Amino acid sequence: MDRIVTPVSRASNSLWSSSRTSSSKKTPQDTYDVAIIGGGFSGLWSAYHLNKLDPSLKIAIFEAEVLGFGASGRNGGWASSEYPVYKETLKKRIGSARTAQLFEALDGSINEIGVFSSNQKEVGFVKSGSLYFARNKAQLERLKAKVDGSSYFLGANEVKEKLKVEGVLGGVFNPICATINPFSLLNSLASHLERVGVSIFEGSWASPTHGGALVNSSFIAAPVVVQATEAFGSPGREFIPLYSLMVATEPLSDSIWNEIGNPERFTFAENSHMVNYAQRTTDNRIAIGGRGATYPFGSKLKTSKESTAKVHETIRALLKSWFPVLRDVNFTHSWGGAVAVTRNWEPYVQWNPKEGFGRLGGYAGDGVTMSHLSAKVLAHEILDKDSELRKLHFVNSRIRKWEPEPIRYLGVNALVKLSGIADKEERLTGRASLLNRVIEPLILR
């Protein structure tokens, strides 16, 4: 299959997707064994695992825009073992044994992504860990509570040996995390799938229907249909879109990196209430993101949320506060995108064999690894292949619904605002925020 470099539409503001490879124009056949709706990590990994289990399957992927148009082309590039629900909360929900099974599976997925990427230099895969650091006493106390068998605590001087963060008091390092260029991984995956016979169609708006899918208003027959649209699906009350925004610096000089550290390219973040995440890219930039954009009424996706100037400026200011040496640096990219969040902050993998319909998503921002794992589970479900992964607690579980509007709009946006206020309170007082006592029970993480 000939592939050409073309500009991306709205996702082109992303550092990762400033250029991309695209399938040449072709017409789908009338019938496939599997029709996958969505050309992000969930859709492509689903095809990958299905093909690996049964290479004879005739599989087609239909993407309404271009591959990686959603979160897969806009995320922070953390292939981590993190899960949207705190580990201690998860143990209370499902027990220690099943929690351990989940995190072992996540680590396994990171390693499998690494094996796939081993001959793909452009992916920039390096499993060098993640560092969360604290810059006030409240953050430090929360960090100490997070130390478990897979991570360890670092004092201030130990953190500075790794990353010279201004005002750091301590940190927690977890070696089970990889740094990647997510869009390069997606392109490598797409090229592999086409080589093994999977058909990929971009600019093909599709929706599931009885016995197949409607693709650009034409019926495509398929006994198995997979919906892998994440935040771009029809949410109803099953999930909401929360926006994460990112910026990237220009490539930084060796002298600046000598002042910052991190030659290993581990991922890093401040342990604040407002989510943030950063990485050193293969071309020596810093790509950093965070939350802060408000939730849109009725879960309706809004392009304007992706470019909220105030949030982008807050992220730039945060980075400069970490590393004052960056005070005069240029920022070359700014972008954003939505992630799907269920009411209990857990992903979903569902398969209905009677209808031949499967779906997966709800990664709440931890989708690089979770999409690989979820797709692997779904492939085993579809083909009814034995695997311990099918016993993971979120497989075929009921999705708890969000509250109706306007309660949902008022509640979610109140939590977004309160998270920012709680961080300011802790910076000023050095004590755990009183507001956090309100936030934590409502988030139920």
message: Suppose we filter the range 296-313 for residues that are surrounded by 18 or more Cβ atoms within 10 Å (Cβ to Cβ) and in a helix (DSSP H, G or I); how many remain?
response: 5
- prompt: Which one is nearest to VAL66 (Cα to Cα), of the residues in the range 211-238 that are modelled with pLDDT under 95 and not charged (D, E, K, R)?
  reply: PHE232
- prompt: From THR31, THR27, THR99, which residue is among the polar types (S, T, N, Q), surrounded by fewer than 23 Cβ atoms within 10 Å (Cβ to Cβ) and not assigned by TED's automatic domain parsing to the domain that holds PHE232?
  reply: THR99
field: Output for the range 91-105, where each listed residue is of a type outside the set (Lys, Arg) and either in contact with a Lys or Arg (Cβ under 8 Å, 6 or more places away or on another chain) or over 19 Å from SER80 (Cα atoms) (or both)
entry: ILE94, GLY95, SER96, ALA97, THR99, GLN101, PHE103
query: Among the residues of the range 323-335, is any of a type in the set (A, V, I, L, M) and within 19 Å of the chain's Cα centre (by Cα)?
result: no
query: When you scan the range 55-94, how many residues do you find that are closer than 16 Å to ASN344 by Cα and part of a loop (DSSP other than H, G, I, E, B)?
result: 5
task: Tell me, please, whether a residue that is under 27 Å from SER184 (Cα atoms), outside the structural domain of ASP384 (by TED's automatic domain parsing), touching a residue at least 40 places away in the same chain (Cβ under 8 Å) and in a strand (DSSP E or B) can be found in the range 320-331.
output: yes
query: Hey, which of the strands (runs of 3 or more DSSP E) in the range 194-290, taking only ones fully inside, have at least 1 residues that are under 22 Å from GLY367 (Cβ atoms)?
result: 199-201, 206-209, 224-227, 239-249, 267-270, 276-280, 286-290
message: Cβ-Cβ under 7 Å, sequence separation 6+ or interchain: first residue in the range 405-429 and closer than 13 Å to ALA293 by Cα, partner among the β-branched types (Val, Ile, Thr). Which pairs?
response: VAL412/ILE240; ASN413/THR294; LEU415/ILE439; LEU415/ILE443; VAL416/THR294; LEU418/VAL438; LEU418/ILE439; SER419/ILE439
message: Within the range 13-31, does at least one residue satisfy the condition of being in contact with a strand residue (DSSP E or B) (Cβ under 9 Å, 6 or more places away or on another chain), modelled with pLDDT of 85 or more and in a strand (DSSP E or B)?
response: yes
- request: Please verify whether the range 119-127 includes one or more residues that are part of a helix (DSSP H, G or I) and more than 19 Å from LEU193 (Cβ to Cβ).
  value: yes
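The values are calculated or read from the model by the stated rules, or taken from the named source; none is laboratory data. Since this is a predicted model, take the numbers as computed values, not measurements. Cβ sites come from the backbone with ideal geometry, for glycine too, and all protein chains shown count toward neighbours.
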